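Chemist: Dropping the structure in here first, questions after.
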Amino acid sequence: MGLSAYYDNYIIVLIFLILGILLPVVALTFGRFVRPKNPYAEKVTTYESGIQPKGDAQVRYHVAYYLVALEFIIFDVETVFLFPWAVALDQLGWYGLNIMLIFLTILVLGLAYSWKKRVLEWN
Amino acid sequence: MDLLLWTAYAVIILMLMLGGVTFAILFERKVIGAMQLRPGPNRHGPWGLFQTIADVLKLLLKEDIIPAAADKKIFLIAPVIAFAPAFAIYAALAFDENIYGADLNIGILYLLGVASITMLGVLMGGWSSNNKYSLLGSIRGVAQMVSYELPLVLSVVGIVILVGSLNMREIVFFQESAGIWFIIPQFLAFVVYIISSIAELNRAPFDLPEAESELVSGFHTEYSGFRFAFFMLAEYTYAIAIAAIATMLFLGGWLGPAFLPGFVWFALKMVLFMFLWFWLTATLPRARVGDLMNYSWKVLIPLAILNIVATAFIKVWMG
């Protein structure tokens, strides 16, 4: 595959992305001419099952969500390493496999540790 | 000239996708209706065929309410952020041997990467609404999508090891020359992929972000009219895309007996996946938040890693 053919593929991706942004923007702009617009104070209050909304909703939330995010970062970086390794495993052979086994063992140890520390418990 | 051709292809795929979503929604309602011994939508057109079109027209004519407490800018663009990446997935899919858009070398990596941007829309919509139901729905949604993205991505690594390429078309060509679909040698990966895809799509039994009985409607509680419609559209666009990726990875894409053209086989396999999801929606009750998280971290991720190690061993052993 030539270099220009290589870039051509990404132009196609770009076209899809632009189209994906254009469709909602155009549809919502067009919709402005056919939909009613009649906001009043009661209508634009926050919905809280019919009672008066109390306080702000942009508050601090449970720490468990942060822990999940942290775990995710570690494992997501791991997958970034796994993909090129998986493609090249043909050439890497036993050596590559052993290296990756060490890497995976350390990760699984980390998972086991957070399991033991009850980080994964939500109850 | 090329540019015109590509744009035409993109527009055609967009139209097909919109048609597909229209009938996927009808199909879901019909399937669940049949399983619950009721007819499902049957008023608009024969067999209720125009039900979704009527729904979309109705939503177009509804007022676009923006809550006074909302963070307006983010509130307005969240549906766009949710939809655009879901549609960008279609750029790298191959529907037949000769029907494809971008033939990317890093195909599968691109697909999984773009797919995960959709969750930004969920987070932005939920947070900017300044509504407690929306906030709970969106943080649940993001935690869940983040947790289940890992097994989803890890389950694919086994296939990459066997094929030795990230290119989606080469993955299908490999299945053709090997004469076997990856659902058999990579069955464990297939099971992990299917379960985590349900959670990625926020479908029952993992539909906690939208749990109607406790969170009204989850992260899009405050959305109305066409903006709400785009969240729904994004959800189904993503669902069809995930089904298409699964078709290419595990069921041999367009491969099939020659009496039907390749893209028909592709569509049939996708419908099979969709049916499987709708079936589960009708069958299973909703899981609890804690159980849901535990299931990903304690069952699916170890299984996916096991699959990678086993596949790598066999690959190196066989040479």
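The values are calculated or read from the model by the stated rules, or taken from the named source; none is laboratory data. As the structure is a computational prediction, the values presented were derived from the model and not from experiment. In this analysis, Cβ positions are derived from the backbone assuming ideal geometry, glycine residues included, and neighbour counts consider all displayed protein chains.
Chemist: Among (1) surrounded by fewer than 22 Cβ atoms within 10 Å (Cβ to Cβ); (2) more than 9 Å from chain A (Cβ to nearest Cβ); (3) closer than 29 Å to B:GLU97 by Cβ; (4) at pLDDT below 90, which single condition is B:LEU123 missing?
Modeler: Looking at each condition in turn, B:LEU123 falls short on (3).
Chemist: Taking A:PHE75 as the residue in question, decide whether it is part of a helix (DSSP H, G or I), within 7 Å of chain B (Cβ to nearest Cβ), of a type in the set (Phe, Trp, Tyr) and out of contact with any Gly (no Cβ under 7 Å at 6 or more places or on another chain).
Modeler: On the way: part of a helix (DSSP H, G or I): yes; within 7 Å of chain B (Cβ to nearest Cβ): yes; of a type in the set (Phe, Trp, Tyr): yes; out of contact with any Gly (no Cβ under 7 Å at 6 or more places or on another chain): yes.
Answer is yes for this residue.
Chemist: Next up: What number of residues within the stretch B:90-104 satisfy the criterion of being small (Gly, Ala, Ser) and either more than 10 Å from A:VAL13 (Cα to Cα) or part of a loop (DSSP other than H, G, I, E, B) (or both)?
Modeler: 3
Chemist: Which one is surrounded by the fewest Cβ atoms within 10 Å (Cβ to Cβ) among residues in the stretch B:70-89 that are facing chain A (nearest Cβ under 9 Å) and either among the charged types (D, E, K, R) or not in a helix (DSSP H, G or I) (or both)?
Modeler: Result: B:ASP71.
Chemist: Exactly one condition in (1) touching a helix residue (DSSP H, G or I) at 6+ places or on another chain (Cβ under 8 Å); (2) within 27 Å of B:PHE87 (Cα to Cα) is false for A:GLY96; which is it?
Modeler: Going through the list (1) touching a helix residue (DSSP H, G or I) at 6+ places or on another chain (Cβ under 8 Å); (2) within 27 Å of B:PHE87 (Cα to Cα), A:GLY96 breaks only (2).
Chemist: From the set of residues in the stretch B:289-319 that are of a type in the set (Phe, Trp, Tyr) and under 23 Å from A:TYR65 (Cα atoms), which is surrounded by the fewest Cβ atoms within 10 Å (Cβ to Cβ)? Step through it out loud before you land on a result.
Modeler: So in the stretch B:289-319, the residues of a type in the set (Phe, Trp, Tyr) come out as B:295, B:297, B:313, B:317.
After this cut, where a residue has to be under 23 Å from A:TYR65 (Cα atoms) as well, the list is B:295, B:297.
On the way: B:TYR295: 19, B:TRP297: 22.
Ranking the qualifying residues of the stretch B:289-319, first place goes to B:TYR295.
Chemist: Criterion first (farther than 29 Å from B:ALA70 by Cα, in a helix (DSSP H, G or I) and without any contact (Cβ under 8 Å) to a residue 24 or more places away in the chain) does B:PHE190 satisfy it? It would help to see each step written out before you state the result.
Modeler: On the way: farther than 29 Å from B:ALA70 by Cα: yes; in a helix (DSSP H, G or I): yes; without any contact (Cβ under 8 Å) to a residue 24 or more places away in the chain: no.
Considered against the rule, which asks whether it is farther than 29 Å from B:ALA70 by Cα, in a helix (DSSP H, G or I) and without any contact (Cβ under 8 Å) to a residue 24 or more places away in the chain, B:PHE190 comes out as no.
Chemist: Can you pull out the residues in the stretch B:232-264 that are more than 13 Å from the chain's Cα centre (by Cα) and either buried (at least 21 other Cβ atoms within 10 Å of the Cβ) or of a type outside the set (A, V, I, L, M, F, W, C) (or both)?
Modeler: B:MET248, B:LEU249, B:PHE250, B:LEU251, B:GLY252, B:GLY253, B:TRP254, B:GLY256, B:PRO257, B:PRO261, B:GLY262
Chemist: Further question on the same structure: Looking at the stretch B:126-159 only, could you name the residues that are outside any helix (DSSP H, G or I) and either of a type in the set (Ser, Thr, Tyr) or more than 9 Å from chain A (Cβ to nearest Cβ) (or both)?
Modeler: Taking the stretch B:126-159 and keeping what is outside any helix (DSSP H, G or I), we get B:129-131.
The answer is B:SER129, and nothing else.
Chemist: Another question about this same structure. In the stretch B:184-202, which residues are surrounded by fewer than 19 Cβ atoms within 10 Å (Cβ to Cβ) and within 22 Å of B:TYR90 (Cα to Cα)?
Modeler: The answer is B:ILE194, and nothing else.
Chemist: Okay, moving on. Considering only residues that are out of contact with any helix residue (DSSP H, G or I) (no Cβ under 8 Å at 6 or more places or on another chain) and part of a helix (DSSP H, G or I), which ones fall in the stretch B:241-270?
Modeler: Across the stretch B:241-270, the qualifying residues are B:GLY262, B:PHE263, B:VAL264, B:TRP265, B:ALA267, B:LEU268.
Chemist: Only one residue in B:GLY125, B:GLY158, B:GLY121, B:GLY137 is within 24 Å of B:ILE305 (Cα to Cα) and of a type in the set (Gly, Ala, Ser). Which one?
Modeler: Values: B:GLY125 fails: within 24 Å of B:ILE305 (Cα to Cα); B:GLY121 fails: within 24 Å of B:ILE305 (Cα to Cα); B:GLY137 fails: within 24 Å of B:ILE305 (Cα to Cα).
Going through B:GLY125, B:GLY158, B:GLY121, B:GLY137 in turn, just one is within 24 Å of B:ILE305 (Cα to Cα) and of a type in the set (Gly, Ala, Ser): B:GLY158.
Chemist: Name the one entry in A:LEU28, A:LEU97, A:LEU82, A:LEU104 that is assigned to a helix (DSSP H, G or I), modelled with pLDDT of 85 or more and either more than 7 Å from chain B (Cβ to nearest Cβ) or in contact with a Lys or Arg (Cβ under 8 Å, 6 or more places away or on another chain) (or both).
Modeler: Every option except A:LEU28 fails the conditions.
Chemist: Answer yes or no as to whether A:ALA69 is more than 22 Å from the chain's Cα centre (by Cα), at the interface with another protein chain (Cβ under 7 Å from one of its Cβ atoms) and surrounded by 10 or more Cβ atoms within 10 Å (Cβ to Cβ).
Modeler: No, not satisfied.
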